[in-house]
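Peer 1: Questions regarding the structure given below will be posed in turn.
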Amino acid sequence: MIIFPGYTPSKTTTAKTYKADVIIYGGTSSAITAAVQVKKMGKSVIVVSPDTHLGGLSSGGLGFTDTGNKEVIGGLSREFYQRLYTHYQKPETWKWQKKEEFGNKGQGTPAIDGTNRTMWIFEPHTAEQVFEDFVKEYQLTIYRNEWLDRSKKGINKQGTNIRSFRTLSGNIYEGQMFIDATYEGDLMAAAGVSYHVGREANSVYGEKWNGVQTEVFQHGHHFKSKISPYKIPNDPKSGLLPEISAAPPGEYGMGDNKIQAYCFRMCLSNSPDNRIPFTKPQGYDPARYELLARVFASGWRETFDKYDPIPNRKTDTNNHGPFSTDYIGKNYDYPEASYERRKQIIKDHELYQKGLMYFLQNDPSIPADVHEKMQQWGLPKDEFKDNGGWPHQLYIREARRMVGEFVMKEADALGKTKVPNSVGMGSYSLDSHNIQRYVKQDGYVQNEGDIGVHPDKPYSIAYGSILPKANECTNLLVSVCVSSSHIAYGSIRMEPVFMILGQSAATAAVLAINNKVTPQALPYTTLQAELLKDKQRLEF
């Protein structure tokens, strides 16, 4: 048995075999939504979750929802946000501020939509409770802290059919249909399904925004002033500052194996009675944040632009600016890494961010006005209680992406095409965070990879993008690591969409069982009718 940091074997002394019509691997919002749908359609389902806490990023700090056009969010995904609305109508839920003090700012939409009875901005623990309510109401069977055995012995596949998989505890899960609803795509990979990691060259799919994007700045997360990357300013012999790559960025438009930066979506509180101060983290070295000090010295003052308010005097704190919470270039090996290595990467991200917060609050190089305001913020005592207020889930913005029956491409996600056989919709901008930080030929530092291109209109997501190729696997659907180019995934990769695709994948799985066909052979008209009945939005 492989043991890695953070893994505690299940308490069962004897490995067991569990059977259900549909086996879902993952503990994300997509996984729980899929399980609810299977149950609603009258089939048995087991969720095998590596995570103890359910909901992924939706309950892991991303409370300032990336909605895009909320009109295309239907089905169980919309029900999730309606349940949050109902919760926040109760006066007792407003513990640290009055409801009227919260305001109504959302991302492209009001936070609280009374007309549609939806709430798009919320606290992490509230979202987690909604997922647990789903579990209780639908009597879902969840096995937590169960990690797929990623060795060759971990999956039993006959021909193109998965018969079962086993976990590190030795337990075996047998089903007729399987859904991979993880951010990493581990089950998909173990099943021998084709996938891609990194950026495709623009030439692969005839795209513009996919490959290396040097000197393209669309969000403001770049160095707007000339900042020296060297320990002694303008002296290359002194060596590079930390957090800068010595490698060249590559030629514009070319592909690489690099992926957009991860971060934790920190939930912060400025309520004195609900605030845990930031202390000096393990291995703290202020020198690693010298680049940020130089950014401040250049006159930059956007520190708090992405301290997005969520209820009860808290934030969903996201990356903003040239040097922020995104740990650029430190995640390239994460998708394929062993569990041990992934845990190390996650811990490195945590220490980087905690060090950043301590630096902003305490280092004398930080301007006094920033110091003073920063010291008002800390981790909330009433969130992530078993983890000291720190989120359980790292923001895995992108990992493996399947190469399936249909590949969603840039033009599809920009609303410029009509994709076949819609199973849901997206509308968010094609959004990639920075991928590398390098030294330009003129000797100054710059970031690369930050893209934000808005679709012409909401777009449909093809059924084929959640299906492996039929010659590779015929009883697996993939609701998160969908078949998509890097830049198209930049729009698809939003939590409301993952819930939509989880429901659609589950619907297809059940219909395939009922009709005694593979998901690839399921008549689309049959699937379409069921999705529309369940209020999924398929076309704009």
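The values are calculated or read from the model by the stated rules, or taken from the named source; none is laboratory data. Quantities reported herein were computed from a predicted structural model and do not represent experimental measurements. Note: ideal-geometry Cβ built from the backbone for every residue, glycine included; neighbour counts use all protein chains shown. Note: areas computed on protein heavy atoms with side chains; ligands, DNA, RNA excluded. Shrake-Rupley method; radii C 1.70, N 1.55, O 1.52, S 1.80 Å.
Peer 1: Which residues, counting only those in segment 519-535, are over 23 Å from LYS469 (Cα atoms), under 27 Å from the mean Cα position of the chain (by Cα) and assigned to a helix (DSSP H, G or I)?
Peer 2: Passing the criteria: only LEU532.
Peer 1: Still on this structure, please answer the following. Take the residues in segment 398-411 that are touching a Leu at 6+ places or on another chain (Cβ under 9 Å) and not aromatic (Phe, Trp, Tyr), then tell me which one is nearest to LEU57 (Cα to Cα). It would help to see each step written out before you state the result.
Peer 2: To start, the set of residues in segment 398-411 that are touching a Leu at 6+ places or on another chain (Cβ under 9 Å) comprises 402, 404-406, 410.
Restricting the remaining residues to those that are not aromatic (Phe, Trp, Tyr) gives 402, 404-405, 410.
Details: MET402: 21, GLY404: 25, GLU405: 27, GLU410: 24 Å.
The extreme case among them is MET402.
Peer 1: Can you tell me which condition LYS440 does not meet? The list is (1) over 21 Å from HIS196 (Cβ atoms); (2) touching a residue at least 12 places away in the same chain (Cβ under 8 Å); (3) among the charged types (D, E, K, R), and all the others hold.
Peer 2: So LYS440 meets the others, but not (2).
Peer 1: Out of everything in segment 386-395 that is not polar (S, T, N, Q) and not in a helix (DSSP H, G or I), what residue ends up being most open to solvent (accessible area, probe 1.4 Å)?
Peer 2: Among them, the one singled out is HIS392.
Peer 1: Of the numbered conditions (1) under 20 Å from PHE384 (Cβ atoms); (2) open to solvent by 50 Å² or more (accessible area, probe 1.4 Å); (3) at pLDDT 95 or above; (4) not β-branched (Val, Ile, Thr), GLY42 fails exactly one; give the number of that condition.
Peer 2: (1)
Peer 1: Conditions first: (1) touching a Lys or Arg at 6+ places or on another chain (Cβ under 9 Å); (2) more than 24 Å from THR126 (Cα to Cα). LEU360 passes all but one, so which condition is the exception?
Peer 2: With (1) touching a Lys or Arg at 6+ places or on another chain (Cβ under 9 Å); (2) more than 24 Å from THR126 (Cα to Cα) applied to LEU360, the lone miss is (1).
Peer 1: Among the numbered criteria (1) more than 18 Å from the chain's Cα centre (by Cα); (2) assigned to a loop (DSSP other than H, G, I, E, B), which one does LEU351 miss?
Peer 2: (2)
Peer 1: Across segment 189-208, what is the number of residues that are surrounded by 18 or more Cβ atoms within 10 Å (Cβ to Cβ) and not in a loop (DSSP other than H, G, I, E, B)?
Peer 2: 7
Peer 1: Out of the residues in segment 485-500 that are assigned to a loop (DSSP other than H, G, I, E, B) and out of contact with any helix residue (DSSP H, G or I) (no Cβ under 6 Å at 6 or more places or on another chain), state the one that is surrounded by the most Cβ atoms within 10 Å (Cβ to Cβ). Let's see the steps before the verdict.
Peer 2: Taking segment 485-500 and keeping what is assigned to a loop (DSSP other than H, G, I, E, B), we get 485, 493-494.
If we keep only those that are out of contact with any helix residue (DSSP H, G or I) (no Cβ under 6 Å at 6 or more places or on another chain) too, we end up with 493-494.
Working: ARG493: 25, MET494: 22.
The residue in question is ARG493.
Here's the yes/no breakdown for (1) among the basic types (Lys, Arg); (2) in contact with a Ser or Thr (Cβ under 6 Å, 6 or more places away or on another chain):
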position: GLU398; (1), (2): no, no
position: VAL403; (1), (2): no, yes
position: PHE406; (1), (2): no, yes
position: LYS409; (1), (2): yes, yes
position: THR417; (1), (2): no, no
position: ASN421; (1), (2): no, no
position: TYR444; (1), (2): no, no
position: ASP450; (1), (2): no, no
position: ALA470; (1), (2): no, no
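Peer 1: Looking at segment 367-385, which of its residues are open to solvent by less than 10 Å² (accessible area, probe 1.4 Å) and in contact with a helix residue (DSSP H, G or I) (Cβ under 6 Å, 6 or more places away or on another chain)?
Peer 2: Once the filter is applied, which keeps residues that are open to solvent by less than 10 Å² (accessible area, probe 1.4 Å) and in contact with a helix residue (DSSP H, G or I) (Cβ under 6 Å, 6 or more places away or on another chain), segment 367-385 yields MET374, PRO380, GLU383.
Peer 1: Among strands (runs of 3 or more DSSP E) lying entirely in segment 396-484, which contain 2 or more residues that are modelled with pLDDT of 95 or more, among the small types (Gly, Ala, Ser) and open to solvent by less than 10 Å² (accessible area, probe 1.4 Å)? Spell out how you get there, then give the answer.
Peer 2: On the way: elements: 422-426, 430-432, 436-439, 445-448, 451-453, 459-462, 476-478.
Result: 422-426.
Peer 1: Right, next: For segment 223-238, how many residues meet the condition of being part of a loop (DSSP other than H, G, I, E, B) and open to solvent by 30 Å² or more (accessible area, probe 1.4 Å)? Reasoning before the result, please.
Peer 2: Step one: of segment 223-238, the residues part of a loop (DSSP other than H, G, I, E, B) are 223-229, 231-235.
Right, trim to open to solvent by 30 Å² or more (accessible area, probe 1.4 Å) and you get 224-226, 231-235.
So the count comes out to 8.
Peer 1: Looking at segment 395-412, which of its residues are over 15 Å from ILE466 (Cβ atoms) and within 20 Å of the chain's Cα centre (by Cα)?
Peer 2: Taking segment 395-412 and keeping what is over 15 Å from ILE466 (Cβ atoms), we get 395-399, 409-411.
Within segment 395-412, TYR395, ILE396, ARG397, GLU398, ALA399, LYS409, GLU410 qualify.
Peer 1: Further question on the same structure: Within segment 50-63, identify whether any single residue is touching a helix residue (DSSP H, G or I) at 6+ places or on another chain (Cβ under 7 Å), touching a residue at least 12 places away in the same chain (Cβ under 8 Å), open to solvent by 10 Å² or more (accessible area, probe 1.4 Å) and over 22 Å from PHE264 (Cα atoms), and answer yes or no.
Peer 2: No: zero hits.
Peer 1: Only residues in segment 128-156 that are at positive phi count as the first member; pair them with residues that are assigned to a loop (DSSP other than H, G, I, E, B) and open to solvent by 20 Å² or more (accessible area, probe 1.4 Å), Cβ under 6 angstrom, at least 6 apart or cross-chain, and list the lot.
Peer 2: That search, which allows pairs on different chains as well, returns ASN145/THR52.
The rows are residues; the columns are (1) modelled with pLDDT of 95 or more; (2) of a type in the set (Lys, Arg); (3) over 23 Å from LYS416 (Cα atoms).
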residue: ASP186; (1), (2), (3): yes, no, yes
residue: GLY192; (1), (2), (3): yes, no, yes
residue: GLU200; (1), (2), (3): yes, no, no
residue: SER203; (1), (2), (3): yes, no, no
residue: LYS208; (1), (2), (3): yes, yes, no
residue: VAL212; (1), (2), (3): yes, no, no
residue: PRO236; (1), (2), (3): yes, no, yes
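Peer 1: Checking the structure you have, find out if any residue of segment 502-513 is open to solvent by 10 Å² or more (accessible area, probe 1.4 Å), β-branched (Val, Ile, Thr) and assigned to a helix (DSSP H, G or I). Give the derivation first.
Peer 2: Step one: filter segment 502-513 for residues open to solvent by 10 Å² or more (accessible area, probe 1.4 Å), giving 511, 513.
Next, from what is left, pick out any that are β-branched (Val, Ile, Thr): 513.
Within this subset, residues satisfying the condition of being assigned to a helix (DSSP H, G or I) are 513.
The answer is yes, given that some residue of segment 502-513 is open to solvent by 10 Å² or more (accessible area, probe 1.4 Å), β-branched (Val, Ile, Thr) and assigned to a helix (DSSP H, G or I).
Peer 1: Something else about it: Can you name every residue in segment 288-334 that is of a type in the set (Phe, Trp, Tyr), open to solvent by less than 40 Å² (accessible area, probe 1.4 Å) and outside any strand (DSSP E or B)?
Peer 2: Those that are of a type in the set (Phe, Trp, Tyr), open to solvent by less than 40 Å² (accessible area, probe 1.4 Å) and outside any strand (DSSP E or B): TYR289, PHE296, TRP300, PHE323, TYR327, TYR334.
Peer 1: Would you check if there is a residue in segment 508-518 being charged (D, E, K, R) and farther than 28 Å from GLU207 by Cβ?
Peer 2: Step one: filter segment 508-518 for residues charged (D, E, K, R), giving 516.
With the extra rule that they be farther than 28 Å from GLU207 by Cβ, the set shrinks to 516.
Yes - at least one qualifying residue is present in segment 508-518.
Peer 1: OK, next. What single numbered condition from (1) touching a Lys or Arg at 6+ places or on another chain (Cβ under 6 Å); (2) open to solvent by 40 Å² or more (accessible area, probe 1.4 Å); (3) among the small types (Gly, Ala, Ser) fails to hold for SER269?
Peer 2: For SER269, the failing item is (2).
Peer 1: OK, next. So how many residues does segment 83-107 have that are open to solvent by less than 80 Å² (accessible area, probe 1.4 Å) and either among the basic types (Lys, Arg) or within 15 Å of LYS70 (Cβ to Cβ) (or both)? First the steps, then the outcome.
Peer 2: Of all residues in segment 83-107, those open to solvent by less than 80 Å² (accessible area, probe 1.4 Å) come to 83-89, 93-94, 96-97, 99, 102-104, 106-107.
Subset that is either among the basic types (Lys, Arg) or within 15 Å of LYS70 (Cβ to Cβ) (or both): 83-85, 99, 104, 106-107.
Here the count works out to 7.
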